[in-house]
Amino acid sequence: MTVGIDGIEVWTGKLRLDLAETFAPAQGENPGKYTKGLGLYASSFPDTYEDIVTMGANAAHRLMDRKGLEPEDIGRIDVATESAFDNSKPVSTYVGGCLEQVYDGDFHHANKGERKFACISGTQSLDDAYNWIQAGRNRGRAGLVIATDTALYARDDPGEATQGAGAVAMLISEDPDLVELSAEQGYGSADETDFLKPQQQFPSVDGKRSVQVYLARMREAIEDYESVVGKIHPDDYVLGPFHTPFPGMVRKAAALAYRHFSRDTEIEVSLAEEIGRQPRREAFDSDEAFREAAAEYTDALTDTDTYQEWYEDVIEPTLKISREVGNWYTGSVHVARVAGMKHALENGQNLTGERMLVGSYGSGAQAEFHAETIQAGWAEEVGAMNVDEQLADRHELSFEKYERVHDAHNHDVESDVDRFTAPEAEFVFDGWGRMGERKYTYVE
């Protein structure tokens, strides 16, 4: 049985902060710190009537409408987020309640849950829905997976420029139109404290450590994946969507992956005269000496035309949306998938039958690699999305407006900020209920 992603929809926060023109001058920083160093041009933010529920429900509503689905067609709703506001009631129940406002049926017989493992939980939710269908427990129904986050940092935190907000909704079914998910997976997991939120809204981050942990877990996951599928060659996959906290991080992960994939191949041999052979651990007296040699080789490798052509074809297309919206936490790797396929469609590339290697990651920490085989309906599915329209329609924030929006979404700040845009045909936050619950309404 073929199981995978039948369709995807994206909902980006309706506000935009330009990092080079607005954020950098206010911070007294060179714009290149963000556009070149981080690889980011802008961040998306939710308006005052938006949050993780509205963004997730709006993405799901658009997806269900486009696929002609009713509530009875959905057997489970899984929400992945690290921005939840309740330690008991899952976001999926709020999303289900929103959707029931616009459909005649209900989701009373759909299993609902919430996944938490930092940014990787969106992929873990895909895995759960995949396993549920493969086990034959779905009764012919599809699974709705929603990755939704508002990725805010404390003001003046080093991570502030990477902020973002948005949701990705994915339909998991038999005989999918978009991609088939592989049964094979590879994992790298360890108890780490590189990024965490112990009873707090904004994360505590060890930036340098976080990069090291990201790369270490990704390397472990690659090695574990190869133990199942065999040796991987750089040419095996047409796209490589990786978790993208910011594109600069993916540059590091891609270099590590390519070095690993090209080892003991004709690529390593052909580059030997230019940069030498890859260092082998047995040739060094210590791990430190080996790591230094491997780092030097990687730097040289990324300067070669061979690597740069691969990166431009396989990795760079997956970063195009993230550069404009920032980090979406659980949605980031899924935005990367959309960006890569969208780029291919716009450039007349036929992806049918090709494979992608998807690398997911969550701090704390765990990485996963799996393959996705692109299906015949991919072009129609990607072409039906309106990502460009959403990005273009965002309201531009001044720095003063950004400060007000940040306060509006800061749980510790009392603020009364008017909305910046007018909602239309979407779910909105509509105040508080008698037990402190958040309430939502559909605005025509």
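So what is the relative contact order for region 65-128, in percent, with contacts set as C-alpha pairs under 8 Å and at least six apart?
Values: 76 pairs, mean separation 28.8, N = 64.
Dividing the mean separation by the residue count of region 65-128 yields 45 percent.
According to a simple spin-label model (label point 7 Å from Cα along Cα-to-Cβ), what is the distance in nm between Lys208 and Asp388?
Result for the modelled spin labels: 4.4 nm.
Between Thr265 and Ala295, what is 0.36 nm times their sequence separation minus the Cα-Cα distance? Round to one decimal in nm.
Values: separation 30, 0.36 × 30 = 10.80 nm, distance 1.93 nm.
Full extension of this stretch gives 8.9 nm more.
So for region 97-198, taking the charge dipole from beta-carbon charges (+1 Lys/Arg, -1 Asp/Glu), which of Leu152, His109, Leu171 sits furthest toward the positive end?
His109
So if we plug the beta-carbon distance of Glu274 and Met1 into 1/(1 + (r/R0)^6) with R0 = 45 Å, what FRET efficiency do we get, rounded to 0.05?
Values: r = 47 Å, r/R0 = 1.04.
So, using R0 = 45 Å, E works out to roughly 0.45.
In whole Hz and in residue order, list the ³J(HN,Hα) couplings for region 108-123 that follow from phi through the Karplus curve 6.51 cos²θ - 1.76 cosθ + 1.60, θ = phi - 60°; x for Gly and Pro.
5, 10, 9, 6, 10, x, 9, 9, 9, 7, 6, 6, 7, 5, x, 5
Give, rounded to the nearest 20 debye, the magnitude of the charge dipole that region 3-443 has about its Cα centre when Lys and Arg contribute +1 at Cβ and Asp and Glu contribute -1 at Cβ. Walk me through the intermediate numbers first.
Working: 42 positive and 80 negative charges, 150 e Å.
It comes to approximately 720 debye.
Looking at the chain, send over the antiparallel percent of its DSSP beta bridges, to the nearest 5. All intermediate terms of the calculation are to be shown ahead of the outcome.
On the way: 47 of 63 bridges.
That works out to approximately 75 percent antiparallel.
Round to the nearest 10 and give me the degree value, 0 to 90, for the angle of helix 247-262's Cα axis relative to the longest principal axis of the chain.
That helix lies at roughly 40 degrees to the long axis.
So which of Lys14/Lys439; Lys36/Lys320; Lys33/Lys116; Lys14/Lys112 end up more than 25 Å apart, counting from Cα to Cα?
On the way: Lys14/Lys439 20 Å; Lys36/Lys320 14 Å; Lys33/Lys116 31 Å; Lys14/Lys112 27 Å.
Among Lys14/Lys439; Lys36/Lys320; Lys33/Lys116; Lys14/Lys112, the Cα-Cα distance tops 25 Å for Lys33/Lys116; Lys14/Lys112.
Relative to the longest principal axis of the C-alpha atoms of the chain, give the angle of the C-alpha long axis of helix 332-346, reported between 0 and 90° and rounded to the nearest 10°.
80
Starting from the Cα-Cα distance between Val443 and Thr193, subtract it from 0.36 nm times their residue separation and give me the gain in nm to one decimal. Write down the numbers at each step before the final one.
Values: separation 250, 0.36 × 250 = 90.00 nm, distance 4.15 nm.
This chain segment gains 85.8 nm when fully extended.
I need the calculated FRET efficiency for the pair Glu309 and Arg137, taking r as the beta carbon distance and R₀ as 45 Å, to the nearest 0.05.
Working: r = 45 Å, r/R0 = 1.00.
Working from the Cβ atoms, E equals 0.50.
Using helices alone, I'd like the mean residue ellipticity at 222 nm for the chain: each DSSP H run of four-plus residues gives -39500 (n - 2.57), total over residue count, nearest 500.
Working: 14 runs with 159 residues, N = 444.
It lands at -11000 deg cm²/dmol.
The numbers here are math on the coordinates, done by the rules we state, and not lab data. Since this is a predicted model, take the numbers as computed values, not measurements. Glycine gets a Cβ as well: all are built from the backbone with ideal geometry, and neighbour counts include every protein chain shown.
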